[in-house]
Amino acid sequence: MGRPLEGIRIVEVAMWAFVPACGGMLADLGAEVIKVEPPTGDPLRGLKIGALSNPEAQYDWSWESYNRGKRSITLDLRHESGRTVLGRLLEDADVFLTSLLPPARRSMGIDAETLRARFPRLIYASGSATGPNGPDGEKGGYDAITFWARGGIASSLTAEDAAQPVGPPGPAFGDTLSGAMLAGGICAAIAQRAMTGEASEVDVSLLGTAMWSQQRLICQATAEDVQRFPRPAGPPHNVLVANYRTADGRFVALCMLQADRYWARFCDVAGRPDLAADPRFADAAARRAHLAECHAEVTALFAAKPLDEWKTILARQDGQWDVVQDVGELKDDPQVRANHYLRAVDAGGGTAIPMVASPMLFGGKALPSTRAPELGADSDAVLTELGYDEDAVIDLKVQGVVF
């Protein structure tokens, strides 16, 4: 069975991580994604991010992750000849995907109104900071400031007396979530066009995705006129929905929402049936009434044994739990291996690089991926496919339109 989007052509004029991550997901889904870069390249190429930078690294992991499976052509869209090539690319394209700000799009004649007038079948998809409408609709933004900070996530994770708000766990955290959301919108637009013949405009923003991820808190805060919900202090409301430190300094996460269903068996396999027999802890109401004492008992229980022992113990009961894993452990997770969530992608020369697969399985199988392209790697081939002969390609290079 082929991949779902085979036969779909997408032209991407985008940079950094958010919208390119969307294009990478669509490429995994089988679409032909032609990435149009300026002659200087997408500025994400070679970007060094604080302590994560490694001058000796052979691969740029951000670039490889978000631009997987694409073809790259360089075009200077400030030049009329570059826009002419783009127009020829769009003649049989299904989707135009962009992260450029509206003023830049209008100056280049690649705004939605202009392109949709020329190509009525074209789905116009954009990734924005805070949405296309409103006073900030034409301003840009980034994951750290728009998704994480303005979207309320940093505040929700930060204690009230903290010296600094909590930062994101790693590069492009909100970008990749927003990119996946945009990919879903594009797939819906492709389906809509197939069913109705109507090609639409799609926009997904960093701010909107941050709000979607926190909708439960935002709805309650809006309804109750609350500015923020403080981080819970002290014992958890339910001692079986909490994280506990083990004897070797690791953590186990419990999420047994139906505590009374699991409490007695948990205590039994943990070697403390007396806790379940204790009237203070007999049921959820009793445990809440004696929450500090119950939480202290469970905390001490986990602190008495190392993680490996707890994995064996917890496997003998039916309550929900898992290990708080480090990112370096995921490659060895049996579920990651069984579902091929981490792929070895051919890097040429007999080598391979790791790449996280798009998290959708079709027919029980993960989607394949290929490496991100070198700058302008496909310029000549794409131009030839568009009907440019060798002299015309050389002329574009002489003009500086193509790298």
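The values are calculated or read from the model by the stated rules, or taken from the named source; none is laboratory data. In this text the structure is predicted, and so the values were computed from the model without any measurement. Positions of Cβ are backbone-derived with ideal geometry, glycine not excepted, and every protein chain shown enters the neighbour counts.
Name the strands (runs of 3 or more DSSP E) wholly within region 312-372 that hold at least 3 residues that are surrounded by 14 or more Cβ atoms within 10 Å (Cβ to Cβ) and either hydroxyl-bearing (Ser, Thr, Tyr) or touching a residue at least 24 places away in the same chain (Cβ under 8 Å) (or both)?
Details: elements: 321-323, 342-348, 351-356.
Because the criterion is at least 3 residues that are surrounded by 14 or more Cβ atoms within 10 Å (Cβ to Cβ) and either hydroxyl-bearing (Ser, Thr, Tyr) or touching a residue at least 24 places away in the same chain (Cβ under 8 Å) (or both), the strands (runs of 3 or more DSSP E) in region 312-372 that meet it are 342-348, 351-356.
Go through GLY151, GLY134 for me and flag whichever is farther than 24 Å from PRO171 by Cβ, of a type in the set (Gly, Ala, Ser) and either surrounded by 19 or more Cβ atoms within 10 Å (Cβ to Cβ) or over 25 Å from the mean Cα position of the chain (by Cα) (or both).
Values: GLY151 fails: farther than 24 Å from PRO171 by Cβ.
Unique residue meeting the criteria: GLY134.
Is there any pair with a first residue in region 268-291 that is in the same structural domain as THR312 (by TED's automatic domain parsing) and more than 14 Å from LEU240 (Cβ to Cβ) and a second that is surrounded by 15 or more Cβ atoms within 10 Å (Cβ to Cβ) and among the aromatic types (Phe, Trp, Tyr) whose Cβ atoms are under 8 Å apart and which are 6 or more apart or on different chains, and what are they?
If the second residue must be surrounded by 15 or more Cβ atoms within 10 Å (Cβ to Cβ) and among the aromatic types (Phe, Trp, Tyr), the pairs left are HIS290/PHE281.
I need a count of the residues in region 140-171 that are over 20 Å from CYS22 (Cβ atoms) and either in a loop (DSSP other than H, G, I, E, B) or among the hydroxyl-bearing types (Ser, Thr, Tyr) (or both).
Number satisfying all stated conditions: 14.
Do you know which of the residues in region 88-103 that are assigned to a helix (DSSP H, G or I) and out of contact with any Leu (no Cβ under 9 Å at 6 or more places or on another chain) is surrounded by the most Cβ atoms within 10 Å (Cβ to Cβ)?
Ranking the qualifying residues of region 88-103, first place goes to PRO102.
Residue check: is ARG106 within 30 Å of ASP395 (Cα to Cα), free of Cβ contacts under 8 Å to residues at least 60 places away in the same chain, basic (Lys, Arg) and not in a loop (DSSP other than H, G, I, E, B)?
yes
Counting only residues that are within 27 Å of PRO306 (Cβ to Cβ) and over 26 Å from the mean Cα position of the chain (by Cα), give me the strands (runs of 3 or more DSSP E) lying completely in region 190-269 with at least 3 of them.
241-245
Check whether at least one residue in region 90-99 is at pLDDT below 95, of a type in the set (Gly, Ala, Ser) and more than 21 Å from the chain's Cα centre (by Cα), and report yes or no.
No, because not a single residue in region 90-99 is at pLDDT below 95, of a type in the set (Gly, Ala, Ser) and more than 21 Å from the chain's Cα centre (by Cα).
Taking region 66-84, which residues are surrounded by 21 or more Cβ atoms within 10 Å (Cβ to Cβ), in a helix (DSSP H, G or I) and out of contact with any helix residue (DSSP H, G or I) (no Cβ under 7 Å at 6 or more places or on another chain)?
GLY82
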